[in-house]
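First the structure, in the form of structure tokens, and then the observations on it.
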Ligand code: ADP
Ligand code: ZN
């Protein structure tokens with residue numbers, strides 16, 4: 001048997017193993033990271049020359065690389081990152097690679113730009129008036145595209161073609177036009193306060209050090225955290241490096257982008273799910289070539305092929321939306337820290353309410369900590385009042401207490417703005433038959449249908465199922481007995497309209513607002529005070545700064561506290577804190593009203609007294625006692641399938657070999673709280689281990705020995721954030 005000496009492992013962007021061995025044709029000069037086209041069965045697919053040793057393949061079976069694509073190679077650090085993310089999250093490297101080379105069109109070279117110029121040594125030739133006009137236009141020496149030239153000379157393309165054939169014009173190929181301007185880092189930022197300067201100087205130094213250094217930038221809303229990390233970005237730019245900022249809700253970050261533009265004179269490159277195909281292609285390519293210097297994006301921006309990243313900023317680091325739950329399950333906050341470590345660069349985790357995980361890393365000395373204790377310009381933090389709904393609530397079927405209504409009234413009389421916060425989209429979360437008690441449920445999920453009156457339909461918030469509101473109860477057939485239970489933002493808007501008919505209000509929720517253009521329009525309307533009242537879900541809680549918004553009413557402060565989720569208290573605290581921070585951010589003082597049935601609950605107590613330290617240490621102690629994150633590790637495993645009996649059987653088989661010893665505890669199997677989702681029956685395991693246990697290795701071994709039928713899905717969630 002002969003072997004071919006020149007082979008390479010090619011990783012394909014498909015959930016298939018660790019890559020395949022291909023032969024390298026003699027004429028091909030191939031390096032690691034080069035992007036290639038290879039045959040796979042009957043298809044041609046793109047892949048990347050990988051760092052794993054190729055396997056021995058018999059020459060008859062060996063397939064050869066078809067071509068090397070004209071694209072910058074995938075940097076070494078990106079390749080290491082793919083392998084790391086895959087190993088940690090128990091995903092296949094190919095599935096992670098697919099997130100990196102997510103834009104196949106970007107791997108093709110951009111079309112060259114053809115332009116025309118005068119031949120400086122033209123042959124004698126017949127001219128016409130049209131030809132003369134073309135020649136005159138080009139006399140200034142600037143080459144032009146055929147389209148521009150035809151337009152300026154007022155002719156058609158055939159005239160230009162004729163001139164080229166007559167050798168009067170020459171055809172040039174220009175390099176592709178740049179799409180992204182270079183941010184101007186020379187312009188200084190504002191004069192920083194002492195605390196801001198301490199943090200900014202350290203962060204600039206971290207960039208200069210080119211070493212892994214995580215730091216936490218904590219500070220109340222408006223304390224200048226953004227100003228401080230813009231300094232670190234400025235330092236990266238000065239060193240000719242790239243910078244990445246991850247934001248939750250990138251589609252709504254109009255104000256952030258405006259600030260970036262003010263500081264650096266141009267827009268950054270954006271990366272989120274609403275980009276068009278062309279935007280995706282040009283942005284991916286500009287990042288890969290190093291042309292795009294600053295990228296602001298959602299979590300997937302972490303996987304762009306930066307050749308020379310100098311700093312990563314993760315703004316609102318505590319935000320749950322950094323966790324991706326579908327496809328490759330990963331936490332972009334944690335993977336951002338990993339990416340920084342692999343690239344030997346600093347990473348800044350920014351938040352007014354850093355997560356317990358992050359604060360534990362500070363406590364153990366792994367992360368540096370900078371605190372900005374005061375609002376810039378000394379604006380006072382809002383007063384926070386509790387309304388005890390048990391004694392001071394509204395009449396039945398209403399949701400705004402007399403105290404809140406009075407305060408809204410005062411606010412409007414002063415010409416100021418208010419925000420009513422309720423983290424529930426739609427009109428009502430539940431529709432019930434008053435005759436028989438039947439609840440309208442999603443046919444494919446074990447969830448209630450949410451009425452969206454503005455859209456005139458019922459919706460499942462899990463799977464997107466939608467239906468018209470029935471006239472009669474689907475169960476008992478009684479007419480006109482279906483009743484809305486509980487409030488959503490639409491129902492609040494109705495109540496507000498009755499009480500304050502002349503007030504201009506807007507509902508702000510993910511289904512009423514999701515395009516950057518709409519968000520920018522809303523921001524303008526608020527800033528120009530066209531709007532008096534916002535009625536919003538958590539989408540409004542992030543990052544906005546409105547000087548005339550002085551009252552925040554939290555309609556149901558207890559909403560997040562039920563549900564038995566590990567982070568329920570922490571998350572509710574963060575959310576309420578963040579919402580409260582929308583009030584009175586300029587010279588006008590703010591007020592916050594929390595409507596609650598549990599005024600003595602530790603979270604409500606901590607928010608209203610401002611005693612975050614005490615709350616955090618109690619919460620940390622509780623987690624420590626129960627060996628919960630960040631003191632222990634959790635892994636969620638969901639087994640699902642359309643056939644309930646088959647799911648049961650698979651779960652039984654898995655349960656028999658589940659790891660159970662003194663280092664690792666397996667809880668369950670149990671029905672998942674959402675036991676039916678999109679028509680699939682779901683069971684859960686929850687694994688709990690000490691921090692130093694290599695839980696990935698144990699799970700990999702466990703799952704690889706079990707016989708799981710193909711139609712059953714086993715979904716592994718390392719460090720889970722949802723327990724549904
Ligand atoms: P955070 O990110 O902590 O919410 P920002 O950086 O957005 O705070 O700052 C809040 C407001 O205060 C912004 O308008 C910002 O431009 C302004 N600001 C912060 N620090 C300064 C400073 N040192 N000089 C002038 N303006 C500042
Ligand atoms: Zn559903």
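The values are calculated or read from the model by the stated rules, or taken from the named source; none is laboratory data. Being a predicted model, the structure only gives us computed values, none of them experimental. Every residue, glycine as well, gets a Cβ built from its backbone with ideal geometry; the counts of neighbours run over all protein chains shown.
Taking the residues in region 435-454 that are within 16 Å of ligand 2 (Cβ to nearest atom) and assigned to a loop (DSSP other than H, G, I, E, B) as candidates, determine which candidate is farthest from residue 722 (Cα to Cα).
Kept after step one, since they are within 16 Å of ligand 2 (Cβ to nearest atom), are these residues of region 435-454: 439-452.
So of that shortlist, the ones also assigned to a loop (DSSP other than H, G, I, E, B) come out as 440, 442-447, 449.
Values: 440: 24, 442: 20, 443: 22, 444: 20, 445: 17, 446: 16, 447: 16, 449: 20 Å.
Among residues in region 435-454 that are within 16 Å of ligand 2 (Cβ to nearest atom) and assigned to a loop (DSSP other than H, G, I, E, B), the one farthest from residue 722 (Cα to Cα) is 440.
Is it the case, given these coordinates, that residue 495 is more than 14 Å from ligand 2 (Cβ to nearest atom), out of contact with any strand residue (DSSP E or B) (no Cβ under 8 Å at 6 or more places or on another chain) and touching a residue at least 24 places away in the same chain (Cβ under 8 Å)? Judged against the criteria, residue 495 is a match.
Here is a yes/no grid of residues against (1) out of contact with any helix residue (DSSP H, G or I) (no Cβ under 6 Å at 6 or more places or on another chain); (2) crowded, with 21+ Cβ neighbours inside 10 Å; (3) more than 28 Å from residue 272 (Cβ to Cβ):
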{"site": "469", "(1), (2), (3)": "yes, no, yes"}
{"site": "487", "(1), (2), (3)": "yes, yes, yes"}
{"site": "491", "(1), (2), (3)": "yes, yes, yes"}
{"site": "498", "(1), (2), (3)": "yes, no, yes"}
{"site": "525", "(1), (2), (3)": "yes, no, no"}
{"site": "530", "(1), (2), (3)": "yes, no, no"}
{"site": "553", "(1), (2), (3)": "no, yes, yes"}
{"site": "558", "(1), (2), (3)": "yes, no, yes"}
{"site": "563", "(1), (2), (3)": "yes, no, yes"}
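Residue 350 fulfils the conditions (1) in contact with a strand residue (DSSP E or B) (Cβ under 8 Å, 6 or more places away or on another chain); (2) modelled with pLDDT under 95; (3) more than 30 Å from residue 407 (Cα to Cα) except for a single criterion, (2).
Quick test for you: out of 607, 637, pick the one residue that is surrounded by 20 or more Cβ atoms within 10 Å (Cβ to Cβ), at pLDDT below 95 and either on the phi > 0 side of the Ramachandran plot or within 28 Å of the chain's Cα centre (by Cα) (or both). If you could, list the steps in order and put the result at the bottom.
Values: 637 fails: at pLDDT below 95.
After applying the criteria, what remains is 607.
Being at pLDDT below 95, over 27 Å from residue 402 (Cβ atoms) and within 16 Å of ligand 1 (Cβ to nearest atom), is that true of even one residue in region 510-528? Yes, region 510-528 contains at least one residue that is at pLDDT below 95, over 27 Å from residue 402 (Cβ atoms) and within 16 Å of ligand 1 (Cβ to nearest atom). Of the residues making up region 452-467, those that are buried (at least 19 other Cβ atoms within 10 Å of the Cβ) and in contact (Cβ under 8 Å) with a residue 24 or more places away in the chain are 452, 458, 459. Note on region 575-603: residues that are crowded, with 24+ Cβ neighbours inside 10 Å and over 19 Å from residue 387 (Cβ atoms) total 1. A residue that is assigned to a strand (DSSP E or B), over 16 Å from the mean Cα position of the chain (by Cα), away from ligand 1 (no atom under 16 Å from the Cβ) and buried (at least 18 other Cβ atoms within 10 Å of the Cβ) can be found somewhere in region 342-354.
Among the residues of region 14-31, count how many are under 17 Å from residue 80 (Cβ atoms) and either within 30 Å of the chain's Cα centre (by Cα) or not assigned by TED's automatic domain parsing to the domain that holds residue 79 (or both). I'd like the intermediate steps shown before the answer.
Taking region 14-31 first, the residues under 17 Å from residue 80 (Cβ atoms) are 18-19, 31.
Adding the requirement that they be either within 30 Å of the chain's Cα centre (by Cα) or not assigned by TED's automatic domain parsing to the domain that holds residue 79 (or both) leaves 18-19.
Matching residues across region 14-31 total 2.
Mind checking which residues of region 471-486 are in contact with a strand residue (DSSP E or B) (Cβ under 7 Å, 6 or more places away or on another chain) and either within 16 Å of ligand 2 (Cβ to nearest atom) or assigned to a loop (DSSP other than H, G, I, E, B) (or both)?
First pass over region 471-486, keeping only residues in contact with a strand residue (DSSP E or B) (Cβ under 7 Å, 6 or more places away or on another chain): 471-473, 475-476, 478-479, 481-486.
Within region 471-486, 471, 473, 475, 476, 478, 481, 486 meet the criteria.
Every condition in (1) at pLDDT 90 or above; (2) in a loop (DSSP other than H, G, I, E, B); (3) closer than 18 Å to residue 453 by Cβ holds for residue 503 except the one numbered (3). Applying the set (1) modelled with pLDDT under 95; (2) farther than 21 Å from residue 421 by Cα; (3) buried (at least 19 other Cβ atoms within 10 Å of the Cβ) to residue 449 leaves exactly one unmet item: (1). Checked against (1) in contact (Cβ under 8 Å) with a residue 40 or more places away in the chain; (2) within 30 Å of residue 362 (Cα to Cα); (3) assigned by TED's automatic domain parsing to the domain that holds residue 557, residue 617 meets all criteria but (1). Pick out the one residue from 255, 242 that is modelled with pLDDT of 95 or more and either under 22 Å from the mean Cα position of the chain (by Cα) or on the phi < 0 side of the Ramachandran plot (or both). After ruling out the rest, the residue left standing is 242. When residue 243 is tested against the conditions (1) within 18 Å of residue 189 (Cα to Cα); (2) touching a strand residue (DSSP E or B) at 6+ places or on another chain (Cβ under 7 Å); (3) within 15 Å of ligand 1 (Cβ to nearest atom), the lone failure is (3). Being more than 16 Å from ligand 2 (Cβ to nearest atom), farther than 30 Å from residue 220 by Cβ and either buried (at least 16 other Cβ atoms within 10 Å of the Cβ) or within 45 Å of the chain's Cα centre (by Cα) (or both) holds for only one residue in 182, 167, and it is 182. Selection of region 374-405 for residues being at pLDDT below 90 and out of contact with any helix residue (DSSP H, G or I) (no Cβ under 7 Å at 6 or more places or on another chain) yields 374, 375, 376, 377, 378, 379, 380, 381, 383. Residues being within 16 Å of ligand 2 (Cβ to nearest atom) and farther than 23 Å from residue 537 by Cα are entirely absent from region 408-431.
Can you find even one residue in region 162-182 that is assigned to a helix (DSSP H, G or I) and more than 29 Å from residue 110 (Cβ to Cβ)? No; the residues of region 162-182 include none that is assigned to a helix (DSSP H, G or I) and more than 29 Å from residue 110 (Cβ to Cβ). Where helices (runs of 4 or more DSSP H) sit wholly within region 559-678, those with at least 3 residues that are more than 30 Å from residue 381 (Cα to Cα) and away from ligand 2 (no atom under 16 Å from the Cβ) occupy 644-657.
Looking only at region 541-551, residues that are crowded, with 23+ Cβ neighbours inside 10 Å and within 16 Å of ligand 1 (Cβ to nearest atom) come to 3 in all. The selection criterion, being more than 16 Å from ligand 1 (Cβ to nearest atom), under 29 Å from residue 366 (Cβ atoms) and in contact with a helix residue (DSSP H, G or I) (Cβ under 6 Å, 6 or more places away or on another chain), holds for residue 212.
Taken together, 362, 391 contain a single residue that is assigned by TED's automatic domain parsing to the domain that holds residue 599, farther than 21 Å from residue 535 by Cβ and either more than 16 Å from ligand 1 (Cβ to nearest atom) or part of a loop (DSSP other than H, G, I, E, B) (or both), which is 391.
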